[in-house]
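Below is one structure, written out as C-alpha cells; comments come after it.
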Amino acid sequence: MAWETVIGLEIHAQLSTKSKMFSRASTQFGAAPNAQACAVDIALPGVLPVANKGAVERAIRFGLAVGGTINRRSVFARKNYFYPDLPKGYQISQYELPIVQGGAVNIVLKDGERTVHLTRAHLEEDAGKSLHEDFHGMSGIDLNRAGTPLLEIVSEPDMHSSEEAVAYAKAVHTLVRWIDICDGNMQEGSFRCDANVSVHRPGAPLGTRREIKNLNSFRFLQQAIDYEAKWQIATLEDGGRIHQATVLFDPDSGETRAMRSKEDAHDYRYFPDPDLLPLVVSEETVAKIRKDLPELPEERRRRYMAACGLSAYDSSILTTDLTLATYFENVAMHSLKDGEALAHADYKLCANWVINEVAAKLNEENLPPSKIGVSSATLGHILRRVREDMINARTAKDLFSEFWSDARKTSYVRQGGSPEKVDEKIESGGLRQVTDSSALEAIVDQVIAANPKSVEEYRSGREKAFNALVGQAMKATRGKGNPAQINEILKRKLSG
Amino acid sequence: MINASLRELSAALAAKKISSVELIRIYLDRIERFNGELNAFISVDPDRSLALAAGADLRIARGDHAPLTGIPVAHKDIYCTKGWLTTCGSRMLANFTSPYNAHVIERFDAAGAVILGKTNMDEFAMGSSNETSFYGPVKNPWNRAFVPGGSSGGSACAVAARLAPAATATDTGGSIRQPAALTGITGLKPTYGIVSRYGMIAFASSLDQGGPMGYSAEDVAMLLNVMAGFDERDSTSLEREGEDYTRDLDRAWDGATAGRPLSGLRIGLPREHFGEGLSPDVAQAIEAALAQFEKLGAKRVEIGLPNSGLSVPAYYVIAPAEASSNLSRFDGVRYGYRAPASEYRDLLDMYCKTRAQGFGAEVKRRILIGTYVLSHGYYDAYYLKAQRIRRLIAQDFVEAFRQCDVVMGPASPTVAFRIGAKVSDPVQMYLNDIYTIPANLAGLPAMSIPCGFGENNLPVGLHIVGNYFTEARMLALAHQYQRATDWHRRMPAGV
C-alpha cells in the first residue's frame, strides 16, 4: 500500500502595525541594529507590556476572513525559556485561549478545490535576532525585531502533498495582504512557515511528525516537504523509526537535519501573563471590523467565474492580489464603449491581457502590483480600441510596451501613456487597422503573386505555409491589417 | 523639625520659614550620622538631592508649588530612578543605573518632592526581615539587634529613625505593613491597580502594589495623593478619576455624634487572626487599640475569614511562580551582573554562573519553587489550585464586608525579632506575613498603624483592611485614632 504524507502548517504573519506588539517602538524594517528597541523591548527592570490595539484588530480581521470564531476573551501567556535574543526570558504568546479558533481556507489546485481547516490563530511577539557570523568569537544581538507583532496561524493536518501545502500557504499569503494585515514580504521575514510532516499508510494511525522550522519561501517549503516525506518513507521502509524532532531545511543541500529532539525539548512553563489582563473583545468591535472587511479573494474568485465567465484558473490568478484584481476590474470598465455592457468574451480579453501581459511584466521585472506601469484607464482604452476594431492586437501590444517602457524610465514613479495618448498615437502613427476589404484584397493578390512557392506548399497540404502568407500580408499592411479579415480573404483566394 | 508632619513642613516651606535646601541638609546630616549603623539607605547622592531642592525652592519662590514641593522623600530601591543606582537590594543590579523613571518617581518629581536617597530592602523584595539584602541587614531603630521587618525595611527604618519624613515602599505579601508595624510607623498598601507598577521592579506582578510610609495617616494620605493615578503603560493600572485621599480626614463617620467621631463604624475582627500563633504582647496592644476605637464610637463585629489559613501556602505558590518568570530577564546579557568571562565555558554556563552568583539564597529558593510549580505536570496541582484558593479568599472578604466596614487585627503575629533568629527557618519567616497576605491575594487596600509596644519595648502595628477603593475612609478612621493617641509620635531613642 502506498504511503500518505500528512502536513500541517504553522504560519507566522508579521502584522503591519507601526509599533510593536507590547511597546511603542517602531517595527520598520532595516534600521541600524538595536535602534528600534525601547526600554520595554530590551526588558529593562520594571517595564511592562501594553497590548497593541491595531494588532488585536488585525487578528480579528483575519479570524473573520477565514470564518473562525473570535474569542470574546483570550489570554496572553508567558512561554519561558532562556536565549540571548529573548530579552525577558519569556515570549508573550497566547496558549490556552487564542483570539481566533477554527476557520478554513479554500485552495485551488489543478484537479479542483480543497478546504484546509484552521486550528487557531493567536497573537504573539517575535524574538530578536542573533548574529553569529559577523563577530569573531562572539554573537551579536539585534533586538529591533524583538516584540514585533505576529499572528501565528495554525492549520489542521489537512494537506497531503507539498503542492497542497504551497497552495495553502499562498492562499494565506494572498489573504493576509488582501485584508491588509501583513505586507507578506518573505525576504524580510514578514511571512514564514513551519511545516509539520509525517507519513503513514492510509487507514493506519498518523505517523510521528517532525517540524521543519522557518521556511521563508514557497520554493523552500515545497523542497523541504518533498525531501522530508521522502526521507521519512525511506527510513520507515528500511525498518527505522521516526522520532519527534524539530528540523531545519538547508537550501544549499536541499536536505533537512534535526535541530533538537523531543527528549531535550523545553518545558516552557506556560502561565497567564499577570502583567496583561485577559484580552476582552466587545461585540461592537467585532461587528465594526466585520463591516469594514473587503470582499474576500474567495468570494471574488467565485464572482469572476459566475458573473464574468472566467475560468477557475484565470479567476484564481487575478485574485492572488487585491491590487491586481481591482486593476482587472478597472481595465474592464474602461474598455467599455458608452452605454455598453461587457460580454463574457470581453472580460476574457481583459483577463488575458492582465494575466499574460501585465502580470507577466510584473513577474519579469520583479515588481509588486502597486508598480503596474500602465494605468487601468490607459490599458482599458487600448482594449476599447481593439474591441472597436480600430487597432489590431499587435498594435495594442506595441502601444502597451511603449507606455510600460516610459514608466520604467521613471522607475515606475509615473505610469506611462494615457487614454488621450493612445488615440494620438493611433492617429499620428497611422496605426488604424486596415479594414477596407478592397485594399486588403489587393494586398493579398500581390502576396499570392509574389510567393508562388508558399502557395504551392500550402496547396500540397502544408498548413505552415499559410501562416507565412498571412505574415507577408500583415507585413505589407505594416502590421495594421485586420488579421481575421486577411485570413478569410487569403483562404478564399487560395481555395478558389 | 524632624517630628513635623508633612502638612507642617509644607506650610513652613510655603511660608519660607525654611528652604528645601535647608530641609534636605538636615536629613542628609542625619543620614550621615546614623545610616552607617542603621543601613537604611543603599544610595544617597547629596549633590543631586541638593540640586533638586534648589529647583523646588525656585518653584516655591515662583508660587508654583504643590503640597509636597520641596519635601524630601526616600524611595525604596525597587523604583527605577533615572540617573540613580537602582539595585533592588541585589548583587544582580549592583551596577545598574536606571535610564528611566518609574511612574511613581515621575509623579513625585512633578509634585516637586526631592529624592533623598534610595532605601535598602530585601533582595527583589523577597523577605520579611531585610536580611536578604545584598547590602546587608537594616537595623530596627528601636533596638538595633532586631530586624525592622521587610521587604521595605530600609524605608520603614528611615521614617522611624527620622532619616526621612516620608518614604515609598511596595507590598507583595505585607512588605509595607509588616515593617511599618515593626518600626512603629504608618504604611498603606492601596487597592491593587491604584499605583502604577511601571518602573517598579516586579517581584510578583499580580500582587505587587506600591504605597507610602509616613509618621501618620495624614502624611500617608498626602503621599498617596501623589503616588496614585492612572498610567497607560501599566495594563493593570485602573483608569479611574483621581481622588483626594485627605478629603475625609476631618470628616466624621456617617451617623457620628459629638465626641464619638466613629459612631456607626463596624470593625470586623476575624477570629482566625486572634488565635494560635498570636503573641500575647501583640494581642494586648491590639485589644487596647480596639478599646480606643470603641471609645471613638466604633462597634466590634466578630467575623470569619474561613480560607485565611490557606493564604500563606497559596501565596507561596503564586508569588514564586510569577517571580521565577519575572526574574528571568536578569541573565547577564544586556545589563546587570555577569559572571567573569574566565569562569564560564559557554552560553548555558554563563547563565548558570551569572544567576548563581548574582542572586542570593532566598531569591534562588523562590525561583526554584516557582519553576517547580509551573512545570509540566505540576501546574494544575499547584498554580491552578492556588489561583482557586485566591478566589475563595477574595470571596471571604466579600462576605466579611457585608457585616463590617473594615477588618482589623494584628499586622504581624509578633513584634520585631532578633536579627538572625529566623534566617535558617524559611517557613517561620514566611508565617510573619500570615495576617497581611490575604489582602494582597484579594487586591484589597490595607494599612498598619502604630498602636503600642510589646516585648522588648518594640512597636506593635494594628492592621486595617478596607473594601476596594476605600482608602480615604480607612485613612480617616486611622486619623481619628491618631488624634486620640500618640503612638505615631513616639520616636526611638538614640537617633
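Coordinate-derived values only; no laboratory data. In this text the structure is predicted, and so the values were computed from the model without any measurement. Neighbour counts are summed over all protein chains in view; Cβ atoms, including those assigned to glycine, are modelled from backbone coordinates with ideal geometry.
Counting only alpha carbon atoms, the long axis of helix A:297-308 and the longest principal axis of chain A meet at about 20°.
Placing +1 on the Cβ of every Lys and Arg and -1 on the Cβ of every Asp and Glu, with nothing else charged, gives chain B a dipole about its Cα centre of roughly 320 debye. Solvent-free Debye calculation, one equal scatterer per alpha-carbon of the range A:247-339: log10 I(q)/I(0) at 0.17, 0.20, 0.23 Å⁻¹ equals -0.86, -0.96, -1.13. What Kirkwood Rh does chain A have if only Cα atoms enter the pairwise 1/r average? Answer in Å. In chain A this quantity evaluates to 26.6 Å.
Let me confirm one metric for peptide A:272-279, namely the mean number of other chain beta-carbon atoms within 10 Å of its residues' beta-carbons. Let's see the in-between values first.
Details: counts 4, 5, 13, 10, 3, 3, 0, 0.
What the average comes to for A:272-279 is 5.
Using 0.36 nm per residue and subtracting the Cα-Cα separation, the extra length available between A:Ala31 and A:Thr410 on full extension is 133.8 nm.
Kindly point out which whole DSSP H helices in chain B project their C-alpha atoms 30 angstrom or further along the helix axis while averaging a Kyte-Doolittle hydropathy of 1.0 or above. Working shown, then result.
Values: long enough: none.
Long hydrophobic helices here: none detected.
Estimated from the Cβ-Cβ distance and a Förster radius of 60 angstrom, the FRET efficiency linking B:Glu287 and B:Glu343 is about 0.60.
For the range A:79-141, the spread of Cα coordinates along the three principal axes comes to 53, 33, 12 Å, biggest extent given first. A DSSP coil position with no more than 15 other Cβ atoms inside 10 Å describes none of the GluC sites (Glu not before Pro) in the range B:1-107.
Once the Cα atoms are used to define both axes, helix A:162-178 deviates from the longest principal axis of chain A by about 90 degrees. Selection among B:Pro141, B:Phe397, B:Tyr379 by position relative to the dipole of the protein assembly as shown gives B:Pro141 as farthest towards the positive end (Cβ unit charges, Cα centre). When only alpha carbons are used to place a centre, the range B:299-348 and the range A:396-413 end up 66 Å from one another.
When the Kirkwood hydrodynamic radius is evaluated over all pairs of different C-alpha atoms of the range A:4-289, what value in angstrom, to one decimal, is obtained? Intermediate values should be presented prior to the final figure.
Details: mean 1/r = 0.0504 Å⁻¹.
Over the range A:4-289, the inverse of the mean reciprocal pair distance is 19.8 Å.
For peptide B:95-103, the mean count of partner chain Cβ atoms within 10 Å of a residue's Cβ comes to 2.
For the range A:352-419, GluC sites (Glu not before Pro) are listed when DSSP marks them as loop and at most 16 other Cβ atoms sit within 10 Å of their Cβ; the list is A:Glu365, A:Glu388.
Each listed q (0.12 Å⁻¹) maps to a log10 I(q)/I(0) for the range B:256-407 from the Debye sum over equal C-alpha point scatterers, namely -0.74. Note on the range A:139-192: Cα-only Rg and Dmax are 13.8, 40 Å. In chain B the longest region clear of trypsin sites (Lys or Arg not before Pro) that are loop-assigned by DSSP and have at most 10 other C-beta atoms within 10 Å covers B:17-344. Using only the C-alpha atoms, the convex hull of the range A:437-495 corresponds to 65 Å³ per residue. Taking 7 Å steps out from each Cα toward its Cβ at A:Thr323 and A:Ser217 produces label points 2.1 nm apart. Enclosing the Cα atoms of the range A:347-496 in their convex hull gives a volume equal to 133 cubic angstrom per residue.
Approximating the spin labels as points 7 Å out from Cα along Cα→Cβ, the A:Phe82-to-B:Arg365 distance works out to 2.2 nm.
Across peptide B:372-378, how many C-beta atoms of other chains are within 10 Å of each residue C-beta, on average?
Details: counts 1, 2, 7, 2, 6, 1, 2.
Partner Cβ neighbours, averaged per residue: 3.
Kindly state, to the nearest 0.05, the FRET efficiency for B:Ala51 paired with B:Ala381, given R0 = 41 Å and r defined as their beta-carbon distance. Walk me through the numbers before you get to the answer.
Details: r = 55 Å, r/R0 = 1.33.
The calculated FRET efficiency here is 0.15.
Give, as a single signed number, the net charge of other residues whose beta carbon lies under 13 Å from the beta carbon of A:Gly471, with Lys and Arg counted +1 and Asp and Glu -1. Numbers along the way, then the final one.
Working: positive: A:Arg394, A:Lys464, A:Lys475, A:Arg478; negative: none.
With Lys, Arg at +1 and Asp, Glu at -1, the net is +4.
For the range B:1-47 and the range B:388-402, what is the centre-to-centre distance using only Cα atoms, to the nearest Å? If you average the Cα positions of each part, the centres end up 42 Å apart. Could you sort out which of A:Lys397/A:Lys491; A:Lys129/B:Lys353; A:Lys397/A:Lys480; A:Lys20/A:Lys88 sit more than 22 Å apart by Cα distance in this structure? Correct reply: A:Lys397/A:Lys491; A:Lys129/B:Lys353.
Computed from the alpha carbon positions, the gyration tensor of the range A:295-428 leads to an equivalent ellipsoid with semi-axes of 23, 19, 11 Å, biggest first. Sorted largest first, the principal axis extents computed over the alpha-carbon atoms of the protein assembly as shown equal 132, 75, 58 Å. Shown here for the range A:73-156: trypsin sites (Lys or Arg not before Pro) in loop regions (DSSP other than H, G, I, E, B) with at most 13 other Cβ atoms within 10 Å, namely A:Lys110. Normalised by 2.2 N^0.38 Å, where N is the number of residues, the C-alpha radius of gyration of the range A:1-122 stands at 1.32. Per residue, the Cα convex hull of the range B:138-202 amounts to 86 Å³. Stretching A:Ser418 away from A:Asp238 to a fully extended chain increases their span by 58.2 nm, per 0.36 nm per residue minus the current alpha-carbon distance. Counting only alpha carbon atoms, the long axis of helix A:463-476 and the longest principal axis of chain A meet at about 80°. Take the Cα radius of gyration of chain B and divide it by 2.2 N^0.38 Å, N being the number of residues; the result is 0.92.
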